[in-house]
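Visitor: One structure is given below, represented as structure tokens, and several questions about it will come after.
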Amino acid sequence: MPIRIIQGDITQFPCDAIVNAANTTLLGGGGVDGALHRAAGPGLLKECRGLGGCPTGEARITKAYRLPARYVIHTPGPVWRGGRHGEAELLANCYRNSLLLAEAHGCKTVAFPSISTGVYHFPIRRAAAIALKTLRERLPECRQVEEVTMVCFSEPDWAVYQAALTEL
Ligand code: APR
């Protein structure tokens with residue numbers, strides 16, 4: 001299964017494309033968004049400014065600057081509003097559209113954070129099931145992407161994703 005779950009800091013994970021749990025302005029923020037912008041340096045925000053934002057569930061690609069990657073793929077996840085506002089579909093779109101962009105840019109390795117499960121309060125068990133189901137469905141359609149790594153910041157998050165992977 002070309003999906004790995006690790007615990008770590010995604011800003012230090014060498015790969016072709018690092019996915020950023022962004023917001024729709026693409027102008028940075030806290031959490032992993034803030035960490036990636038700090039590690040990438042000012043060039044990342046400068047390039048993002050020219051993109052004009054990104055709707056929830058879609059994805060945009062930039063260079064990675066000082067990050068150990070070729071690209072950063074920015075995707076705004078849904079804010080959890082109780083689960084009856086299309087959140088599940090929008091979260092699945094984040095993973096699908098990010099994978100499509102990575103594929104179109106010839107990326108072999110892609111790293112994802114746990115999108116929407118921090119500031120956006122998406123329940124992590126549901127998010128993990130959606131993330132892994134979407135990746136398992138879409139990876140066979142990829143010719144370039146060979147490996148996807150979920151980089152979980154905390155050990156408890158890692159355990160949730162690891163359990164979800166075995167339940168796939
Ligand atoms: N490496 C890997 N994962 C990280 C890192 C890091 N350096 N820093 C935080 N995370 C994890 C969090 O622990 C959480 O599990 O990323 C996951 C997503 O949390 P957030 O970064 O809060 O993202 P999200 O819930 O999607 O909210 C997005 O937060 O930072 C702002 O600008 C961002 O407005 C947007 C919102």
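The values are calculated or read from the model by the stated rules, or taken from the named source; none is laboratory data. Remember, predicted model here, so these are calculated numbers, not experimental data. We place every Cβ from the backbone using ideal geometry, glycine too, and count neighbours over all the protein chains shown. Just so you know, the surface numbers come from the protein's heavy atoms only, side chains and all, with ligands and any DNA or RNA stripped out. Shrake-Rupley method; radii C 1.70, N 1.55, O 1.52, S 1.80 Å.
Visitor: Ignoring ligands, DNA and RNA, please state the percent of accessible area on the chain from carbon and sulfur, probe 1.4 Å.
Guide: So the carbon and sulfur contribution to the accessible surface is 53 percent.
Visitor: Something else now. Treating only the Cβ atoms of Lys and Arg (+1) and Asp and Glu (-1) as charged, compute the dipole magnitude of the chain about its Cα centre; round to the nearest 20 debye.
Guide: Dipole about the Cα centre, nearest 20: 280 debye.
Visitor: List the residues, sorted by chain then number, that are 5 or more residues from R4 or on another chain and whose placed amide H is less than 5 Å from its amide H.
Guide: Distant-sequence amide H within range of R4: V148, T149, M150.
Visitor: Now for a different question. Tell me, what ³J(HN,Hα) does each residue in the stretch 86-91 have, in order and in whole Hz, if you take phi through Karplus 6.51 cos²θ - 1.76 cosθ + 1.60 with θ = phi - 60° and put x for Gly and Pro?
Guide: x, 4, 4, 5, 5, 5
Visitor: Quick one: go through the stretch 96-111 and flag any residue whose amide nitrogen is under 17 Å from the point 7 Å out along the Cα-to-Cβ line of E146.
Guide: 102-111
Visitor: Taking 0.36 nm per residue of sequence separation and subtracting the Cα-Cα distance, how much length would be gained by fully extending the chain between K108 and L51, in nm to one decimal?
Guide: That works out to 18.1 nm of additional length.
Visitor: Ignoring everything except DSSP H segments at least 4 long, calculate the 222 nm mean residue ellipticity for the chain; use -39,500 (n - 2.57) per segment, divide by total residues, nearest 500.
Guide: -12000 deg cm²/dmol
Visitor: Using a probe radius of 1.4 Å on heavy atoms only, what accessible surface per residue do you get for the chain? Whole Å² is fine.
Guide: With the other protein chains kept in place, the chain gives 47 Å² per residue.
Visitor: Can you find, among G77, T11, G52, the residue farthest towards the positive end of the dipole of the chain? Put +1 on the C-beta of Lys and Arg, -1 on that of Asp and Glu.
Guide: G52
Visitor: How are the Cα pair distances of the stretch 51-148 distributed, in percent, across 5 Å bins from 0?
Guide: Calculated P(r), rounded to whole percents: 2, 13, 25, 24, 19, 12, 4, 1.
Visitor: In whole Å and largest first, what semi-axes does the C-alpha gyration tensor of the stretch 9-94 yield when each eigenvalue is scaled by 5 and square-rooted?
Guide: Computed over the stretch 9-94, the values are 23, 13, 11 Å.
Visitor: Pick out, from A164, V145, Y120, the residue whose Cα sits farthest towards the positive end of the charge dipole of the chain, with +1 on the Cβ of Lys and Arg and -1 on the Cβ of Asp and Glu.
Guide: Y120
Visitor: Please identify, among T56, T25, T75, the residue showing maximal mean-square fluctuation in a Gaussian network model of the chain using a 10 angstrom Cα cutoff.
Guide: T25
Visitor: Between N20 and residues 5 or more places away or on another chain, which pairs have amide H atoms under 5 Å apart, with H built 1.01 Å from N, and which residues are they?
Guide: Under 5 Å from the amide H of N20: I73, H74, T75.
Visitor: Ordered by residue, what ³J(HN,Hα) values in Hz, to whole numbers, does the stretch 125-136 give under the Karplus form 6.51 cos²θ - 1.76 cosθ + 1.60, where θ = phi - 60° and Gly and Pro are x?
Guide: Per residue, the Karplus-derived 3J(HN,Hα) values read 5, 5, 4, 5, 4, 5, 4, 6, 5, 5, 5, 5 Hz.
Visitor: In addition: Could you please tell me the mean projected area of the C-alpha convex hull for the chain, averaged over all directions and given in square nanometres to one decimal?
Guide: Over all viewing directions, the chain projects a mean Cα-hull area of 8.4 nm².
Visitor: Sticking with this one: Any lysines with Cα under 16 Å of the K46 Cα? List them, leaving off those in the same chain fewer than 8 positions away.
Guide: K63
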